[in-house]
Structure formats: structure tokens, C-alpha cells
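Input: a single structure, listed below in C-alpha cells.
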Amino acid sequence: MPDQSSDPFVHTGIDTTVAHSARVWNYWLGGKDNYAVDREVGDAWMALYPEIVEKARESRAFLRRVVRFLAGEAGIRQFLDIGTGLPTADNTHEVAQGVAPGVRVVYVDNDPLVLAHARALLVGTPEGATQYLHADVRDVDELLRGAAEILDFTEPIAILMFGLLGHIKDTTEARTLVKRILAPMPSGSYLAIADGAPTERARVAEEEQVKKTGNIPYLNREPEEIASFFDGLEFLEPGFGSVSSWRPERPVGDVSVLTVAPPHVDEYGGLARKP
């Protein structure tokens, strides 16, 4: 358990005796910003839905590959990461600025727990910029105003939405929010999304945790519904699908790359460009 003498949660009045979804996700990713109660809930999820850890880690690996591509081959120098969650390893700014030190990254979240960790997110390269914006994706105008103070909306921006849109229960509303955020972005901007698809074991695990914690369940959508968030954009190869299949990496010299398919996970997404 973290040392509570220097724990930001203690000073912000956040209850560390109650499990929090961001800390549970942090636990599954191998992070250290979690408590015994979060690990207990995480283990209970894993008992009912063992695929959740691989799903979480494949989603993070997808983010890493997407950001590396965008900062490298695509030449993107601005990132807007909405619904970032707690920092762990290979955060957006670390990956992007590792490729191009001058990259600017804005993280957006409305969770006070993430706000308590903002300082950890604000450590980037001297050449670039890394900022945290406390805002709600439902308040698009406020979000865009805050982002425009840091990012140049006349130059392409990469928007990342990982594990976010399931908090918006109405799919039409979620599509509208995505379109409104993309609207002021110039041609050549990108959108990357990753979100979960429903499975029976995921449903059972979610129902059990809702009973125990009273938390609002996260909405897993069918793949075609997730794909609809990219309407009007141009997918980059290999298009939309399980995140593990998007340009998977293999160790150098691994001859199995041509014969072994990457593990399938029920987390779907893609990367698309605004024409």
C-alpha cells in the first residue's frame, strides 16, 4: 500500500477505503496507485472475468502503438487525451515525447482522483508541454476552450478516447459529443477510440460489482456501435477491429509473426483521419 504520509488522496479528502474504478484499472495495468480495497475488487472481477487483465493491457498497448505512429510517421505534434484516468507506465506524453520531444499533450478528466494525481501527469520534456485540464466531456464548450489555451487549433490534433464513451449511456448523445469535439479540428487531425464490447462474463462481473459497490455500470457496446463513432473519418489500415490486431508488435527476429495471429480481446477500436 502507498505511504499515506505523502499520499495526495489524504489531503483531498478522497476515501481510500472504498474501491475506485480508476485505481482498479491501475491495478490491472500493473500500476502502484491502488489500495488493498482496489486490489480486492480487481481480484473479484478477475475471478468472474479473467480476460479483463489482458483486455486492459492490450488497450494500453494499442494506445502506445497509436501514439508512437502519430508522433512518428504521421508527424502529429499535438494530443488531446480525453478521459485519461490515472497515470501508469507509457502515458501518452511519455510515448509521444519519446519520439518527438516538442510534442504538446493535454490530458482531460473530470475525476477528482485524477486531479489529485495531476502533478504526475505534468512531468514532460522541456521542449514540449504537458498539461492537465479538469473538465467533463459532456461540457464540450468548456473542454474546447481549455484545450485551445494550450493547443493550436489551426494545426492537426490527435484526439484519444480510451475507455470513455461507455460513460455516456445514450449512443446518439455519445456520437454527437464526438462530432462536436472533432468539428473545430483542422483537416489532418486524428481520432483514436478503444472501448469494450459486451460478453456474458463481463456482464456477470459488472452486475456483481454494481451490487457490491453501487457504482454506475460502464456500458459496453457492440462493435458496430463503437465503429459508428468514426463516421465521416478515414480509417488507417488495418481499420477497425479488436485493438490487439491493430499493427501488433513482435520481438525482433520472431519468425512466428507471419503464422501466429495476435490474441483476440473484446476491446474494439481504430485510428481514423479527418479529411
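For the reader, a short list of remarks on this structure follows.
- Computed from the Cβ-Cβ distance with R0 of 30 Å, the FRET efficiency linking residue 201 to residue 138 stands at 0.50.
- With at most 11 neighbouring Cβ atoms within 10 Å, loop GluC sites (Glu not before Pro) (DSSP) excluded, longest segment of the chain: 150-275
- Compactness of the stretch 135-183 as Cα Rg over 2.2 N^0.38 Å, two decimals: 1.17
- Most mobile listed residue (196, 42, 232) in the chain, GNM with C-alpha springs under 10 Å: 232
- Cα shape, the stretch 87-149, gyration tensor, a/c 1.5 rule: oblate
- Three-way shape label, the stretch 121-275, alpha-carbon gyration tensor, a/c 1.5: oblate
- For the stretch 29-72 versus the stretch 179-211, the gap between their alpha-carbon centres in whole angstrom: 15
- Cross-link partners for residue 212 among the lysines, with Cα-Cα distance under 27 Å and sequence neighbours closer than 8 places in the same chain left out: 32, 55, 169.
- Stretch gain in nm, segment residue 18-residue 152, where the contour uses 0.36 nm per residue and the Cα spacing is subtracted: 44.3 nm
- Estimated from helices alone, the mean residue ellipticity of the chain at 222 nm is -11000 deg cm²/dmol (sum of -39500 (n - 2.57) over DSSP H runs with n ≥ 4, per residue).
- Summed residue charge, Cβ within 12 Å of residue 201's Cβ, Lys/Arg positive, Asp/Glu negative: -4
- The residue 115 and residue 32 beta-carbon pair, evaluated with R₀ = 22 Å, returns a calculated FRET efficiency of approximately 0.75.
- Applying both filters, DSSP loop and at most 15 other Cβ atoms within 10 Å, to the chymotrypsin sites (Phe, Trp or Tyr not before Pro) of the stretch 127-233 gives 153.
Read the figures in this text as sums done on the coordinates, not as results from a lab. Bear in mind that the values here come from a model prediction, so they are computed numbers and not experimental data. Cβ: placed from backbone, ideal geometry, glycine included. Neighbour counts: every protein chain shown.
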